[in-house]
Amino acid sequence: MGQGGEQFKAISPAEFFYKNKEIAGFSNPARALYQTVRELIENSLDATENYGILPTIKISLRELRQVEEGAHYEVVVEDNGIGIPPKYVPQAFAQLLFSSKYVLRQTRGMFGLGAKMAVLYAQITTGYPAEVIVAPIKSKHIYSFKLKIDIRENKPVVLSFSMTSNVSGRHGTIVRLVTLGDWSRAKQRIYEYVRRTAVIAPYAEILFRDPEGSVVLFERSISKLPPPAREVLPHPHGVDIETLKSMLQTQSVNPVAEVLVESFQGVGEVTAHRILSEAGIPSEKKAGELSDREIETLLRVMKNSKDIKPPRADHLSYLGRDIIVAGLTKIFNPEYANAITRRPSVYEGHAFIVEAGIAYGGRVPPLEEPLVLRYANKIPLLYDERSDVVYKVLERIDFKLYEVEFPAPLAIVTHICSTKVPYKGVGKEAIADVPEIEQEVESALREVLRDLRSYLLRKKREIEEVEKAVSIAKYIPEVSNALHKMYGVDPKVVSQKLLEILNSKLKTFKIDSLSDVVVE
């Protein structure tokens, strides 16, 4: 009992998100249906490509019955991933903030919420349990669960469990939810999300069946996978005092110098001793014996040290030019496509890589501004686009300098990968305008736009050459006939020779023959 008769109590993470589901993207039936599909697809991609498996993902939405707020939809997502070990399935799908992602590694998800929030939302809106079927890779059995979440205790409730023989040798995960949704309002976003996933993951085969019975297949167009993301030690410039305290307490009986070397990247024995000397801490002192004042001093010295190497980026899973161009070509079939991957950079002690791609022409619609496809850690970002750092950068770019006059058929892809992407909210839809990231995004965009300008200028010269050649070609019959009258030469031979001269000139611009332009 608190002051004035107030009662104080703690609530579980499940109860918190049950009461505040909007902050995780489940604000209404339309957004929730989109978020459910998105979270399950992202789980499937992480369970495949990070383990060297070319993803095959099947998504099915089926309307079960109409209700006042919308309709109940069956959502089924199946993948060919490694399959979750059965002992972890209940917690992985029915315990909020239980995750394999609480290590320093680039992942699509960050908070251990995604699939579990989808399960929670389905449970509180329809009452149906989640059904999860897993076949771990090389497993002789297939395991089936029906799960609910104990919201008050944030614990999984296993309603049923069964095990069958895996005679087919398949592997992967199937998740089935029955959730409240609004397909008519979510349709455009869901289709756009799946399409943009196909752009960024052309190495995946994606089959999507919607509630109206329409089926769309995005075939695999490249068999090259991105390098897998790997776990990495934190960098001294990217930790706070509580993280440092936790590290020291975990290895409390070890000398503090040894803890620094083993717990951080960029810190060797010489650097560790130098940092401790500057902080006035004996190297052999036990990590658990440091006072709060000593820990504060140590953190300040580490953050200001110039001896510590910058964070490595070899643990990041970037896409590379081949994959981005393959994705753009697969969806837009453009007349021109290109992409670049910037060198790694650093913000707040975290390495990050920015990539940018461009598609021009083909199936790209001519719009009054570029069609922007934003990605972070290979996640398509569809909402809150105007508050994203990419749009802040685009506002500064004068496209006329790059020979682009709107309306123009121009699509731009941006991809940012890092162990810590600075999202503006839990919904992970917009990236904050961190100065280091903003600078890299601008450099990447200007680099690909310069390449586009070179292409457009070359194309302009080619058109001018064609127009000039066509103008000349129109006079070939008159010149041939005049030479025939003056010198008695065969006009057909003269016409042929003049066409050969024009064609040889045009072939340097990769333009076909002008024979069909000249009328004998």
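The values are calculated or read from the model by the stated rules, or taken from the named source; none is laboratory data. Keep in mind it's a predicted model, so treat the numbers as computed, not measured. Because the Cβ atoms are built from the backbone with ideal geometry, glycine has one as well, and the counts that use them run over all protein chains shown.
As a summary of the residue check, Ser317 satisfies the conditions (1) under 30 Å from Val404 (Cα atoms); (2) of a type in the set (Gly, Ala, Ser); (3) surrounded by 19 or more Cβ atoms within 10 Å (Cβ to Cβ) except for the one numbered (1). Here is a check on your reading of the model: is Arg274 closer than 30 Å to Pro55 by Cβ and part of a helix (DSSP H, G or I)? Here the answer is no, as Arg274 does not meet what is asked. Scanning the stretch 415-433 for residues that are in a strand (DSSP E or B), modelled with pLDDT of 90 or more and farther than 16 Å from Pro226 by Cβ returns a single hit, Ile431.
Counting just the residues of the stretch 54-70 that are touching an Asp or Glu at 6+ places or on another chain (Cβ under 9 Å) and of a type in the set (A, V, I, L, M, F, W, C), which one comes out nearest to Phe218 (Cα to Cα)? Ranking the qualifying residues of the stretch 54-70, first place goes to Ile57. Just a yes or no: is a residue in the stretch 392-405 within 30 Å of Phe26 (Cβ to Cβ), at pLDDT 90 or above and surrounded by fewer than 17 Cβ atoms within 10 Å (Cβ to Cβ)? Among the residues of the stretch 392-405, at least one is within 30 Å of Phe26 (Cβ to Cβ), at pLDDT 90 or above and surrounded by fewer than 17 Cβ atoms within 10 Å (Cβ to Cβ), which makes the answer yes.
Residues are listed down the side, and each one gets a yes or a no for (1) part of a helix (DSSP H, G or I); (2) of a type in the set (Gly, Ala, Ser); (3) modelled with pLDDT of 90 or more:
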{"position": "Leu54", "(1), (2), (3)": "no, no, yes"}
{"position": "Ile59", "(1), (2), (3)": "no, no, yes"}
{"position": "Tyr88", "(1), (2), (3)": "yes, no, yes"}
{"position": "Gln91", "(1), (2), (3)": "yes, no, yes"}
{"position": "Leu96", "(1), (2), (3)": "no, no, no"}
{"position": "Ile137", "(1), (2), (3)": "no, no, yes"}
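When Phe161 is tested against (1) touching a residue at least 60 places away in the same chain (Cβ under 8 Å); (2) part of a strand (DSSP E or B); (3) not β-branched (Val, Ile, Thr), exactly one condition is not met: (1).
Hey, does the stretch 242-255 have a residue that's surrounded by 16 or more Cβ atoms within 10 Å (Cβ to Cβ), assigned to a helix (DSSP H, G or I) and of a type in the set (Asp, Glu)? No; the residues of the stretch 242-255 include none that is surrounded by 16 or more Cβ atoms within 10 Å (Cβ to Cβ), assigned to a helix (DSSP H, G or I) and of a type in the set (Asp, Glu). Does at least one position in the stretch 469-491 carry a residue that is in a helix (DSSP H, G or I), within 30 Å of Ala359 (Cα to Cα) and either out of contact with any helix residue (DSSP H, G or I) (no Cβ under 9 Å at 6 or more places or on another chain) or at pLDDT below 75 (or both)? Scanning the stretch 469-491, I find at least one residue that is in a helix (DSSP H, G or I), within 30 Å of Ala359 (Cα to Cα) and either out of contact with any helix residue (DSSP H, G or I) (no Cβ under 9 Å at 6 or more places or on another chain) or at pLDDT below 75 (or both), so the answer is yes. Report yes if Ile340 is part of a strand (DSSP E or B) and on the phi < 0 side of the Ramachandran plot, otherwise no. When the stated conditions are applied, Ile340 passes them.
Applying the condition of being hydroxyl-bearing (Ser, Thr, Tyr) and surrounded by fewer than 21 Cβ atoms within 10 Å (Cβ to Cβ) to the stretch 169-192 and asking which residue is nearest to Val364 (Cα to Cα) yields Tyr191.
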